[in-house]
1. Using Cα-Cα distances under 8 Å and only pairs 6 or more residues apart, what relative contact order does the chain have, in percent?
2. In which sequence would L50, L14, L98 go, from the one with the fewest C-beta neighbours within 10 Å to the one with the most?
3. Report the gain in length on full extension from D31 to E8: 0.36 nm times residue separation, minus Cα-Cα distance, nm rounded to one decimal.
4. Place a +1 charge on the Cβ of each Lys and Arg in segment 8-101 and a -1 charge on the Cβ of each Asp and Glu, then give the dipole magnitude about the Cα centre in debye, rounded to the nearest 20.
5. Quick check on the exposure proxy: order E10, E22, E55 from fewest to most C-beta atoms within 10 angstrom.
Amino acid sequence: MKETRLGEFEEVILLLVGILEEDAYAFKISDEFEAQTGRSVSIGAVHSTLNRLSEKGFLNSEMGASSPERGGRRKRIYTITALGHRVLTEAKDFRVSLWNQFPGLANG
C-alpha cells in the first residue's frame, strides 16, 4: 500500500505545484517556496520531494518544450493527480479541524 500521508514540506511543495500550474517545474517551485516562506531551500530537496510525491501517486510529470533561455533544455512540468487533490483536501480538513478546537483561536 502506498503512503498517503504528507509531511509538512511535502504538503507545501504539493500546494506550490497547484499554485504554479503550467510553471510547476523544480527551479520555479524552489523560487516560489523561498518567496512564500522567506526560507531558502536546495534544488536537491525540491527534486527529491517531487520524486517522492510522484512515487506516492500525488503528482504526474511530463517534459515541456525546450527553450532558448535554457540552452535548448526541456523542463519537467508537474501536475497534481486526483489522489494528490484528495490528500491535500484531507490535510486541509484535518488542520482546520484542529484550529477550530483551539480555544481562543477557533472561528465563531
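Coordinate-derived values only; no laboratory data. The model shown is predicted, which means the values in this text are computed figures rather than measured ones. No Cβ is skipped: glycine too gets one built from the backbone with ideal geometry, and neighbour counts run over all protein chains shown.
1. About 27 percent, as a whole number.
2. L98, L50, L14
3. Contour length minus the Cα-Cα distance gives 6.5 nm.
4. Value, rounded to 20: 240 debye.
5. Final ranking by Cβ density, sparse to dense: E22, E55, E10.
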